[in-house]
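What follows draws every value from the coordinates through simple rules; no lab data is involved. Treat the numbers as computed from the prediction; the structure is a model and nothing was measured. So basically every Cβ, Gly included, is an ideal-geometry build from the backbone, and we count neighbours across all protein chains shown.
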Amino acid sequence: MSRVAFVTGGTRGIGRAISARLKAAGYTVAAGYAGNEVAAQATASELGVFVVKGNVSSFADCAAAVAKVEAEFGPIDVLVNNAGITRDAVLHKMTEQQWTEVIHVNLASIFNMTRNVIEGMRARGYGRIINISSINGQKGQMGQTNYSAAKAGMIGFSKALAQENAKKGITVNTIAPGYVDTEMVMAVPKDVLDKIIAGIPVGRLGMADEIARCVAFLAAEDAGFITGATLSVNGGQYISG
């Protein structure tokens, strides 16, 4: 019986690529989504994955989604916390709503999801938790104090949780992508996008599947000696020591 993987924000962009890659690797995949029904149904039919609707900023919604997936397929072995939003503004013009929405969706969500699977993983002695952060959580980004704070928080969360669960056969790791050819990035004005690409040493944007391949590597059973790590996938744009 194949292992079960749950990917939040799993029907678009990087999340869809992760769902596709894990499905191809033999996992039973559940892809979470917030509200885009067209993308969700396309992902379900094209990839053959199970889609489940819910708001990751709601603990109750996350509990219900996990329960639905586990009732359908059994325990969740791999959790990929990928869902995220942006509400960009410089801090002196940022509203409380812009701050709160990003912190809740991008950071509180990983507690909401992980809390609902961690006890089962500990009881079974196995689990893979992979959190999708960002280059901007590592280096910061002007106009994104909310996003950078949330994505940096994911890294600290992963390091602490990795230590708590290492002896239980559970690994917890972070992937920090750079700029990737998603709809969100491609919507950036061309002159701005050209400047971004000029700052990437490899001279191009990343591809969503390049991030997905890293997820599949960390999700594998034979990646059990890697935990608490942050994998930077950014084309050399930011190199951390």
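Let's see if you can work this out: charge +1 on each Lys and Arg Cβ, -1 on each Asp and Glu Cβ, no other charges. What is the dipole magnitude of the chain about its Cα centre, in debye to the nearest 20?
The dipole magnitude comes to about 380 debye.
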PRE reach from Ala187 (point 7 Å along Cα→Cβ): which of the range 75-103 fall under 12 Å by backbone N? 85-88
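Note down the net charge around Gln97, summing +1 for each Lys or Arg and -1 for each Asp or Glu among other residues with Cβ under 14 Å from its Cβ. All intermediate terms of the calculation are to be shown ahead of the outcome.
Working: positive: Arg87, Lys93; negative: Asp88, Glu96, Glu101.
That works out to -1.
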Of the residues Ala152, Ala208, Gly228, the Cα lying farthest along the dipole of the chain towards its positive end, which is defined by charges on the beta carbon of Lys, Arg, Asp and Glu, belongs to Gly228
For the chain, built as a Gaussian network whose Cα springs stay under 10 Å, the top-fluctuating residue of Ser19, Ser134, Ser58: Ser58
Compute the long axis of helix 109-124 from its Cα atoms, compare it with the longest principal axis of the Cα atoms of the chain, and write down the angle in degrees, 0 to 90, nearest 10. 30 degrees
Under 13 Å from the Cβ of Asn146, count the other residues' Cβ atoms, weight Lys and Arg +1, Asp and Glu -1, and hand me the total. 0
